[in-house]
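J.: Have a look at this one before I ask anything.
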Amino acid sequence: MLDKMKYVNHIGQELKFGENGLFLKENDIRDYAWSINTTGQKINGFKRSIIKKTLPLIVFTKDAENVKNKLFEIAEKDILAKKYGRLYVGKHYMLCYITEMRTTAYLQKQEYSQLQLGLQTDIGFWIKESTTMFKMQQEQQGKRNLDYNVDFAYTYLSSLKNVKLVNDSFAAADFELKIYGAVEKPMLFINSHKYRVACSVEKGEILYINSLLKKVYIIKRNGEIVNCFHLRDKENYLFTVVPSGVNAVNCDNSFDFDITLIEKRSMPEWT
């Protein structure tokens, strides 16, 4: 059975492997290895260095030239912009760049050639995201809090005290927190840990806090990006990850926000 994956560049253009004349051969995508830190003859830690992967491909279609040109252009846009693309395997993706493409057997038939893509990343994990959206409502007599399980988990509340956020991974998860304006100096708690940024988020703007990339910024209504890293709370580490299991969320009910948990794995799940 042929492997099916897809590569999506930073502006959303995608290539699907396993269809449209572009097919994957056996590869090392799911292989992984940890390097070790040692003191004397004792292992005292583990680390991941720059990771390189290889994707052997077969192009077999009457439109082979266009397929290869499209592959190059989609990959090269990430290199020129210095922004990660995403290689998806099932529900997991790896942030990476396509840094190499070798072509062989292209003279045998016009519609047939073999390619070998080289991928590299300095974020050596596969990522799966799950989002919970917290939408505030005015209190209404007799109305209960409701949870709906759909593509995203929605929590509609009249107040937000000890609401649960479930991290069903076996390990702590990074997160992306999106806070919707208007709000001044937004703050919330996950368990007993405070997350606070001393900024002003106007109506129609969104504050982003990403613990994986260690970034804090506002996207304004006109699309401008404003760096707010210097406004983060210095006394409470803003990028503290979310523990595995059930976590209590508390805030003052003055703004809407989303929490996307970012599960990290050394290899994607087999599906």
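J.: Among the residues of the stretch 251-271, write down those that are under 29 Å from residue 91 (Cα atoms) and part of a strand (DSSP E or B).
T.: Once the filter is applied, which keeps residues that are under 29 Å from residue 91 (Cα atoms) and part of a strand (DSSP E or B), the stretch 251-271 yields 257, 258, 259, 260, 261, 262, 263, 264, 265.
J.: Take the stretch 85-115 and flag every residue that is open to solvent by 60 Å² or more (accessible area, probe 1.4 Å) and not basic (Lys, Arg). Spell out how you get there, then give the answer.
T.: Filtering the stretch 85-115 down to residues open to solvent by 60 Å² or more (accessible area, probe 1.4 Å) leaves 86, 91, 99-102, 104, 106-111.
Matches in the stretch 85-115: 99, 100, 101, 104, 106, 107, 108, 110, 111.
J.: If residue 56 satisfies every condition in (1) touching a residue at least 24 places away in the same chain (Cβ under 8 Å); (2) touching a Phe, Trp or Tyr at 6+ places or on another chain (Cβ under 9 Å); (3) not in a loop (DSSP other than H, G, I, E, B) but one, which is the exception?
T.: Among (1) touching a residue at least 24 places away in the same chain (Cβ under 8 Å); (2) touching a Phe, Trp or Tyr at 6+ places or on another chain (Cβ under 9 Å); (3) not in a loop (DSSP other than H, G, I, E, B), residue 56 violates only (2).
J.: Restricting to strands (runs of 3 or more DSSP E) lying wholly in the stretch 159-244: which have 1 or more residues that are touching a residue at least 40 places away in the same chain (Cβ under 8 Å) and open to solvent by less than 60 Å² (accessible area, probe 1.4 Å)?
T.: Output list reads 163-167, 174-180, 187-190, 193-196.
J.: The conditions are (1) closer than 22 Å to residue 13 by Cα; (2) at pLDDT 90 or above, and residue 132 fails exactly one of them. Which is it?
T.: (1)
J.: Name the residues in the stretch 42-92 that are of a type in the set (Ser, Thr, Tyr) and out of contact with any Leu (no Cβ under 6 Å at 6 or more places or on another chain), would you?
T.: Listed by number, the residues that qualify are 49, 54, 61, 88.
J.: Do we find that residue 4 is closer than 27 Å to residue 269 by Cβ and surrounded by 15 or more Cβ atoms within 10 Å (Cβ to Cβ) in this structure?
T.: For residue 4, the condition - closer than 27 Å to residue 269 by Cβ and surrounded by 15 or more Cβ atoms within 10 Å (Cβ to Cβ) - is met.
J.: Here's something else I'd like to know. Give the stretch 40-53 a look and list any residue that's over 30 Å from residue 4 (Cα atoms) and assigned to a strand (DSSP E or B), or say none.
T.: 42, 43, 44, 45, 46
J.: Run down 69, 37 and say which single residue is without any contact (Cβ under 8 Å) to a residue 40 or more places away in the chain, farther than 18 Å from residue 268 by Cβ and either open to solvent by 80 Å² or more (accessible area, probe 1.4 Å) or assigned to a loop (DSSP other than H, G, I, E, B) (or both).
T.: Residue meeting the stated conditions: 69.
J.: Check whether at least one residue in the stretch 97-108 is closer than 19 Å to residue 123 by Cβ, free of Cβ contacts under 8 Å to residues at least 60 places away in the same chain and not in a strand (DSSP E or B), and report yes or no.
T.: No, because not a single residue in the stretch 97-108 is closer than 19 Å to residue 123 by Cβ, free of Cβ contacts under 8 Å to residues at least 60 places away in the same chain and not in a strand (DSSP E or B).
J.: Looking at the stretch 72-84, which of the residues that are more than 19 Å from residue 265 (Cβ to Cβ) and open to solvent by less than 70 Å² (accessible area, probe 1.4 Å) is nearest to the chain's Cα centre (by Cα)? Write out each step before concluding.
T.: We begin by selecting, within the stretch 72-84, every residue more than 19 Å from residue 265 (Cβ to Cβ); these are 72-83.
Now narrow it down to the ones that are open to solvent by less than 70 Å² (accessible area, probe 1.4 Å): 74-76, 78-79, 81.
On the way: 74: 19, 75: 18, 76: 20, 78: 16, 79: 19, 81: 18 Å.
That would be 78.
The values are calculated or read from the model by the stated rules, or taken from the named source; none is laboratory data. What you see is a predicted model; the values in this text were computed from it and never measured. Backbone-built Cβ (ideal geometry, glycine too); neighbour counts: all protein chains shown. These area figures cover heavy atoms from the full protein model, side chains too; ligands, DNA and RNA do not enter into them. Shrake-Rupley method; radii C 1.70, N 1.55, O 1.52, S 1.80 Å.
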